[in-house]
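J.: Sharing a structure with you now.
The values are calculated or read from the model by the stated rules, or taken from the named source; none is laboratory data. Owing to the predicted nature of the structure, the values given are computational and were not obtained by experimental measurement. As a convention, Cβ positions derive from the backbone with ideal geometry for all residues, glycine included, and neighbour counts pool all protein chains shown.
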Amino acid sequence: MRHTRPVLSASLLIVSLLWIAGLASAARATEEPTDRIIVKWRPATADASGELPESAMRRLEGSVGTKLNRQRSLGGGLHLLRLDSVRSPAQLDAVLVALRSNPQVLLAEADRRVHAHAYTPNDPLFAGQWYLQSQQVAAIRANTAWDLSKGGLSAASATVVVAVIDTGVRFEHPDLRTVASGGKLLPGYDFVSADKAGVYATANDGDGWDADASDPGDFLSAADLASATFSGKQCGSGTNKDQPTRSSWHGTRVAGLIAADTDNATGIAGAGFHLRILPARVLGKCGGYDSDVLAAMYWSAGLSIPTPLLSGAPPANANPAQVINLSLGGVGSCSAAYTEAVRDITAHGVLIVASAGNDGGPVDSPANCPGVLAVGGLRHAGTKVGYSNLGPEVALGAPAGNCVLTGANDPCLFSLDTTTDSGAQGPVGSTYTNSINSNVGTSFSAPLAAATAGLMRALNPRLTPSQLIARLRSSAATFPTASDTTPAPPVCHAPASKTDVQDAECLCTTSVCGAGLLNAGAALAEAQRPAAVAGISGTVGVGRALTLDGSGSGAAQGRSIASYAWSVVGTSGGASTPAFTNPNVATTTVLSPTSGSYTLRLTVTDSAGGSDSAELSVSAATSGGTTTSTAAPPASGSGGGGVLGLELLALAALAAQRRRCLHGPHDGRA
Ligand SMILES: [Ca+2]
Ligand SMILES: [Ca+2]
Ligand SMILES: [Ca+2]
């Protein structure tokens, strides 16, 4: 044993003190690299205009060790200087320390960027988009999130894509349009397959899979309802679900909530501002098939679909999504096929967000699949909206739309207004939902979370799906314990079965409604922290060194990793406390345990003082593997179950023909 516990503890103490000192100095400078400095000279050394004489300036440059280029006077004796090159926050801090130590300098500080608080876009309908703002308890504070990221400088340059796996979209909507014409919609693909050979009743576009993801409408006429494909499917409206329905334009509604063209002086703002939309069409009349949804999920994530046995398979996806939104589902547990797909897609780095469903019962599939971010529906007051499903699989709650109707023809007070079409059957004209033609349903909760996750990825591209879920949950606001209604609603309970419906307002708890209320502003602040990734490799054994690798850690945009700190969390089973070759570098080595196990922690700190930690455990019996951040609480439903491959194939084939339905628009009256 070359190192004893007391020695290691002492060195760790020194490390943490140094780390705190570094943190404090970084916070004084700036979060971004810059060459801009604001100074004020002491009156005794300045001339009548408050400027430092040229000769004094040259001497100052010599003492500081860098060129100081005068830019302009700012009033009050303040001046803007520029250095000869952009400096990192740490480098700039060194220059500022040198300047401040000079007797001619009264003050010297970084010229930091400032931003408007709670960005207000110029979209004329934004004022009515209560759910993006902050006045209501359940509103998601998207305008605060936009202070930290708008998802890029423009839709054309946005790096994050959110897939909308839904009914397709209306490409001509003026608040959506194609990316090619300066709008928000990527080409996408249509995955609605034939009901049987030559029958395209569900698809309603006359063919199966094709390259046109536009939505032809999903209305059900009386003739449709009487047809062999839809008879007895209960897809109609009315008490017996046998009456004709209007087209929902569901995918267009979802797409608008995620990323309607924002700040374009037209219509609404989208929660994801500059994010781009990849439309994958899977639902038509009376829903769609699991098999089409699964194919669309793989394709949207950029995982190729093999050369087809049938015609009409999509080309490789040129614009893979980082986030997939599924505002659809059906009753039942997560199938083996969905379990497999979610595991593959999540491992590929793509977050899947799904709506909980509108029955007031247990969470639908695929929202209940392990690894999916399941979103429940809230009223404006932060209580569960009557129709929203609930249960332990829900990761968090978000506004779903509620009407607070007091009379038969009263307007819906808390519609989630978005883009749609006015056509009852085929498309007629682009428009927006409103208090009369309202928009409510958990279908519209999930897109708000998907958009927030997309903005988080834009701000910090290193965040994995599990980190996104953990940070969305840790940043969620606490559920209220009161409502705007009297008498106070009861506390929500977990549904015991699919018939144990809870279709009235109730007070959310973290047992059944997730970690809290989606708060996009707080989530973006969480995303700005760095992401620690700690790996270990090597062979355990007496005298052997294992390699610790933190180089996969990353900082948010505009920041860099300023320091690494490896520490020992604990030992068990008789393991000795190990020492690191150097605990303050990204990649180091540690002696293998010869018995028992130990747990190590990597803490990374960024140039603005933000930090994150990841832990890994090593036992004398095993080695290898990589572990990611454990700083935030673990998400519900993260990680997949083990299913043997042969069973899986059989179950996937059985599950393929199950129908999935959209989660709204729902006739919510809460
Ligand atoms: Ca088609
Ligand atoms: Ca089509
Ligand atoms: Ca707009």
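J.: Could you please find all residues in segment 155-171 being over 16 Å from VAL323 (Cβ atoms) and away from ligand 2 (no atom under 15 Å from the Cβ)?
T.: ALA156, SER157
J.: ILE14 versus (1) exposed (fewer than 14 other Cβ atoms within 10 Å of the Cβ); (2) more than 30 Å from PRO583 (Cα to Cα); (3) modelled with pLDDT under 90: which is the lone unmet condition?
T.: Every condition holds for ILE14 apart from (2).
J.: Quick test for you: out of THR202, THR252, pick the one residue that is away from ligand 3 (no atom under 16 Å from the Cβ) and of a type outside the set (A, V, I, L, M, F, W, C).
T.: Matching residue, one of THR202, THR252: THR202.
J.: Considering ASP93, ASP84, ASP47, ASP123, which residue is in a loop (DSSP other than H, G, I, E, B) and more than 16 Å from ligand 3 (Cβ to nearest atom)?
T.: ASP47
J.: Tell me, yes or no, whether segment 457-474 has at least one residue that is more than 20 Å from the chain's Cα centre (by Cα) and more than 25 Å from GLY267 (Cβ to Cβ).
T.: The answer is no, given that none of the residues of segment 457-474 is more than 20 Å from the chain's Cα centre (by Cα) and more than 25 Å from GLY267 (Cβ to Cβ).
J.: Select from segment 148-184 the residues that are part of a strand (DSSP E or B), surrounded by 21 or more Cβ atoms within 10 Å (Cβ to Cβ) and out of contact with any His (no Cβ under 7 Å at 6 or more places or on another chain) and list them in ascending order.
T.: Passing the criteria: VAL161, VAL162, ALA163, VAL164, ILE165, VAL169.
J.: Going by the structure shown, is ALA138 in a loop (DSSP other than H, G, I, E, B) and surrounded by fewer than 21 Cβ atoms within 10 Å (Cβ to Cβ)?
T.: No: the conditions fail for ALA138.
J.: Check segment 475-496 and report whether any residue there is touching a Pro at 6+ places or on another chain (Cβ under 6 Å) and part of a loop (DSSP other than H, G, I, E, B).
T.: For segment 475-496, residues touching a Pro at 6+ places or on another chain (Cβ under 6 Å) and part of a loop (DSSP other than H, G, I, E, B): present.
J.: Can you work out which of the residues in segment 213-244 that are hydroxyl-bearing (Ser, Thr, Tyr) and farther than 29 Å from VAL162 by Cα is surrounded by the fewest Cβ atoms within 10 Å (Cβ to Cβ)?
T.: THR239
J.: Going residue by residue through segment 159-167, is there one that turns out to be away from ligand 3 (no atom under 15 Å from the Cβ), at pLDDT below 95 and within 22 Å of the chain's Cα centre (by Cα)?
T.: Checked segment 159-167: at least one residue is away from ligand 3 (no atom under 15 Å from the Cβ), at pLDDT below 95 and within 22 Å of the chain's Cα centre (by Cα).
J.: Mind checking which residues of segment 445-471 are over 13 Å from ALA145 (Cα atoms) and β-branched (Val, Ile, Thr)?
T.: THR464, ILE469 - these are the residues of segment 445-471 that are over 13 Å from ALA145 (Cα atoms) and β-branched (Val, Ile, Thr).
J.: So if I check each of ALA145, ALA194, ALA203, which one is within 12 Å of ligand 1 (Cβ to nearest atom), buried (at least 24 other Cβ atoms within 10 Å of the Cβ) and either in a loop (DSSP other than H, G, I, E, B) or at pLDDT 95 or above (or both)?
T.: Checking each option against the conditions leaves just ALA203.
J.: Out of all the residues in segment 256-293, which are within 16 Å of ligand 2 (Cβ to nearest atom) and within 18 Å of SER154 (Cβ to Cβ)?
T.: Result: LEU278, single match.
J.: Still on this structure: Which one is farthest from ARG281 (Cα to Cα) among residues in segment 206-220 that are touching a Lys or Arg at 6+ places or on another chain (Cβ under 9 Å) and assigned to a loop (DSSP other than H, G, I, E, B)?
T.: PHE219
J.: Residue by residue through segment 169-191, note down the ones that are within 10 Å of ligand 1 (Cβ to nearest atom) and closer than 10 Å to LEU278 by Cα.
T.: Correct list: TYR189 only.
J.: Same structure again: Determine whether GLY152 is more than 23 Å from CYS403 (Cα to Cα), within 16 Å of ligand 2 (Cβ to nearest atom), touching a residue at least 60 places away in the same chain (Cβ under 8 Å) and not aliphatic (A, V, I, L, M).
T.: no
J.: Somewhere in segment 221-243, is a residue away from ligand 1 (no atom under 16 Å from the Cβ), over 29 Å from SER304 (Cα atoms), assigned to a strand (DSSP E or B) and of a type outside the set (Asp, Glu)?
T.: Checked against the condition, which is being away from ligand 1 (no atom under 16 Å from the Cβ), over 29 Å from SER304 (Cα atoms), assigned to a strand (DSSP E or B) and of a type outside the set (Asp, Glu), segment 221-243 yields at least one hit.
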